[in-house]
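As structure tokens, the structure follows; a few thoughts come after it.
No lab work stands behind these numbers, since they all come straight from the coordinates. A quick note: this is a predicted structure, and the numbers were derived from the prediction, not measured. Methodologically, a virtual Cβ is constructed for each residue, glycine included, from the backbone with ideal geometry; neighbour enumeration extends over all protein chains shown.
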Amino acid sequence: MEKEHIGFEIRTLSNLLQRKINQMVADEEDTLTVHQVWVLKFLVSRGEKETVQRDIEEKFSIRRSTASHMLTLMEHNGYIRRLPVPQDARMKRIVATEKGIEAHERMGDRLRRFEAMLREGMTDEELEEFLCMVRRFEQNIV
């Protein structure tokens, strides 16, 4: 029997996840992509903690140009604001606007249902083992 290709299976799963989440997001009146929803969730979860673009790049393992483009669109659509950082004029602090927080709250229930669907039929031990393997894959790549 031929060995399964881990990368192929992860890519297939990623495609299925993206498709399903994009369907959920498309049902909203917002112009947000799934990645933008995750960024809003990240910003809101950090509360008052200062967040700069580099934090988003690291959290989501994306390139500077990708983060910059996404944040520019989010700012243009009114979901975030970029504010000066007093100690470094080149850096901008990123905060969710009221519109961004409201969009995050609307999507929260949908994302919780999606997460429950993913966990269906898994024991806590299986879930922990899966997450451990995913983290190891990430470490092996980086």
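Below, the figures for the structure above:
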| item | result |
| --- | --- |
| Under Karplus coefficients 6.51, -1.76 and 1.60, residue-wise ³J(HN,Hα) of region 80-97 in Hz, glycine/proline x | 9, 10, 10, 10, x, 9, x, 7, 8, 5, 6, 8, 10, 7, 10, 10, 6, 7 |
| Residue-averaged [θ]222 nm for the chain, counting only DSSP H segments that reach four residues, each worth -39500 (n - 2.57) | -22000 deg cm²/dmol |
| Percent RCO, i.e. relative contact order, over the chain, from Cα pairs under 8 Å lying at least 6 residues apart | 19 percent |
| Cβ-derived FRET efficiency at R0 25 Å, residue 22 paired with residue 126, nearest 0.05 | 0.40 |
| At R0 = 25 Å, FRET efficiency that the Cβ-Cβ distance of residue 41 and residue 139 yields, to 0.05 | 0.60 |
| Length added when fully stretched, residue 60-residue 5, from 0.36 nm per residue minus Cα-Cα | 17.4 nm |
| Amide hydrogen neighbours beyond the local backbone of residue 51, cut-off 5 Å, H modeled | 94 |
| Distance histogram for the chain (every C-alpha pair counted, 10 angstrom bins, percent rounded to whole numbers) | 10, 33, 35, 18, 4, 1, 0 |
| Helix 34-46 axis, angle to the chain major axis (alpha carbon atoms, nearest 10°) | 70 degrees |
| Given charges at Cβ of Lys, Arg, Asp, Glu: region 1-93 dipole, positive-most of 40, 51, 74 | 51 |
| In degrees, nearest ten, helix 64-76 long axis to first principal axis of the chain (Cα) | 60 degrees |
| Built amide H within the under 5 Å cut-off of residue 80, gap 5+ | 75, 97 |
